[in-house]
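The values are calculated or read from the model by the stated rules, or taken from the named source; none is laboratory data. The model shown is predicted, which means the values in this text are computed figures rather than measured ones. Please note: Cβ atoms are built from the backbone with ideal geometry, for glycine as well, and neighbour counts cover all protein chains shown. Ligands, DNA and RNA are excluded from the accessible area calculation, which covers all protein heavy atoms including side chains. Shrake-Rupley method; radii C 1.70, N 1.55, O 1.52, S 1.80 Å.
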Amino acid sequence: MANVPEIHTSKTKFSAAGQEVNVFIARPETTEPAPAVIIIHEWWGLNPHIEDITQRYARAGFIAVATDLYHGITTKDAQEAGQLMSALKPEDGLASLRIVLQQLRAMPEVSGVGVTGFCMGGTFALLLACHEKVEASAPFYGDVPVDTTLIGRLGCPLLFIGGEKDQWITLEKMKRLETALKQYNKDGEVRIYKGADHAFFNDTRPEVYSQADAEDAWQTVIEFFNRHLRKGLAASAS
């Protein structure tokens, strides 16, 4: 069994140009350079489930930063979650993510930056990769823009993970993304899990959680980030 590194967690704020963003950071307890992954929460907010995923990334050797787009608000109520998500303007969410990205780029120990997210967070993981320079993006069942010309601006490899039975991020939407990736000659994969529902990765929701699919998706996304975020480290070590 591989050694699992000790990790350190903290809650802090990143700031720039008079704006602040709450973040939850989990990182391996090492002084060696490491790639970073930005994690973006579902419509529930930055809750313990997202903190758990962030710590899992740290144990896999990443500097993991969960970004709070709701500024401290979390909920377990779907109606309130929907209101919170609707009230969040895309440009405001992107502004918060840019602050986090800027802070990570300024850290000498960060060797590259990837982004992932779930549901609403998956939508922003795709948007960020189309608006800013990141090394890799792995959205989980995020929304796909109707105007797919945005995909033409994608500047990094993309791994999109979805569920066949998702009633929100439908097969039609995922096929639209797949077509756009080919149209614009982008390095991307749309991986659809047969029989899986929306939010199948969320192990706190037994009504939709699919353990086998979630475990496979986790292994796949870790391999994806290792492949695209550790290039510089491999080169410097050789």
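Can you tell me which residues in segment 151-166 are touching a strand residue (DSSP E or B) at 6+ places or on another chain (Cβ under 6 Å) and not in a strand (DSSP E or B)?
Listed by number, the residues that qualify are C156, P157, E164.
For segment 44-78: of the residues being assigned to a helix (DSSP H, G or I) and out of contact with any strand residue (DSSP E or B) (no Cβ under 7 Å at 6 or more places or on another chain), which is most open to solvent (accessible area, probe 1.4 Å)?
P48
For segment 32-89, which residues satisfy the criterion of being of a type in the set (V, I, T), in contact with a Gly (Cβ under 7 Å, 6 or more places away or on another chain) and over 18 Å from E135 (Cα atoms)?
Residues satisfying the conditions are I73, T74, T75.
Tell me, please, whether a residue that is under 23 Å from H41 (Cα atoms), in contact with a helix residue (DSSP H, G or I) (Cβ under 7 Å, 6 or more places away or on another chain) and among the aliphatic types (A, V, I, L, M) can be found in segment 195-211.
yes
For residues that are among the β-branched types (V, I, T) and either at pLDDT below 95 or out of contact with any Phe, Trp or Tyr (no Cβ under 6 Å at 6 or more places or on another chain) (or both), scanning just segment 192-213, find the one that is most open to solvent (accessible area, probe 1.4 Å).
T204
Name the residue that is most open to solvent (accessible area, probe 1.4 Å), counting only residues in segment 96-149 that are out of contact with any strand residue (DSSP E or B) (no Cβ under 9 Å at 6 or more places or on another chain) and β-branched (V, I, T).
Checking each candidate, the answer is V146.
I'd like the full set of residues that are of a type outside the set (G, A, S) and either within 18 Å of T74 (Cβ to Cβ) or open to solvent by less than 10 Å² (accessible area, probe 1.4 Å) (or both), limited to segment 20-37.
E20, V21, N22, V23, F24, I25, P35, V37
Could you please let me know if L84 is in contact (Cβ under 8 Å) with a residue 12 or more places away in the chain, within 26 Å of T170 (Cβ to Cβ) and either acidic (D, E) or open to solvent by 10 Å² or more (accessible area, probe 1.4 Å) (or both)?
yes
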